[in-house]
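Derivation of every value follows stated rules applied to the coordinates shown; laboratory data play no part. Note that the structure is a prediction, hence the values are computed from the model and not measured. When we count neighbours, we look across all protein chains shown, and the Cβ atoms used for this are built from the backbone with ideal geometry, even at glycine.
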Amino acid sequence: MAKSGFPRGMGGGNMNQMIKQAQKMQEQMMKMQEEIEAKTYTATAGGGAVQVVVSGKREIQEITLKPEVVDPDDIEMLQDLIVAAVNEGLRKMEADSSAQMGQLTGGLNIPGLF
């Protein structure tokens, strides 16, 4: 009867080691994701007239407006400043997330990860 399984050098201990490494990496990624989700990122626009706090869960936590930026005759400018601050906050969060994942994956670009 022929031997079944992997050719020598590919099965047994090596395969088990690869599975253990993959499980360890998955645990590290989950922990890192939890850490990122617990963080907040602050961004401003209009010289600090609009401040936005974004969570690592990609949610807006807070928007602060200085009274002088609220001009009923120029609502469009206020809207633009809010959008700019929110987008900057999201960019900061994404950059931090990518940097941390890059450390874990050794710079590999793995589709579907964050």
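Filtering the stretch 29-65 to residues that are closer than 12 Å to V83 by Cα and touching a Ser or Thr at 6+ places or on another chain (Cβ under 8 Å) leaves V50, Q51, V52.
Does M25 satisfy the condition of being in contact with a Phe, Trp or Tyr (Cβ under 8 Å, 6 or more places away or on another chain) and surrounded by fewer than 16 Cβ atoms within 10 Å (Cβ to Cβ)? Let's see the steps before the verdict.
Details: in contact with a Phe, Trp or Tyr (Cβ under 8 Å, 6 or more places away or on another chain): no; surrounded by fewer than 16 Cβ atoms within 10 Å (Cβ to Cβ): yes.
Answer is no for this residue.
Selection of first residues in the stretch 91-107 that are over 20 Å from V54 (Cβ atoms) and of second residues that are among the polar types (S, T, N, Q), restricted to Cβ pairs under 8 Å at least 6 apart or on distinct chains, gives the following pairs, ordered by first then second residue: L104/Q28.
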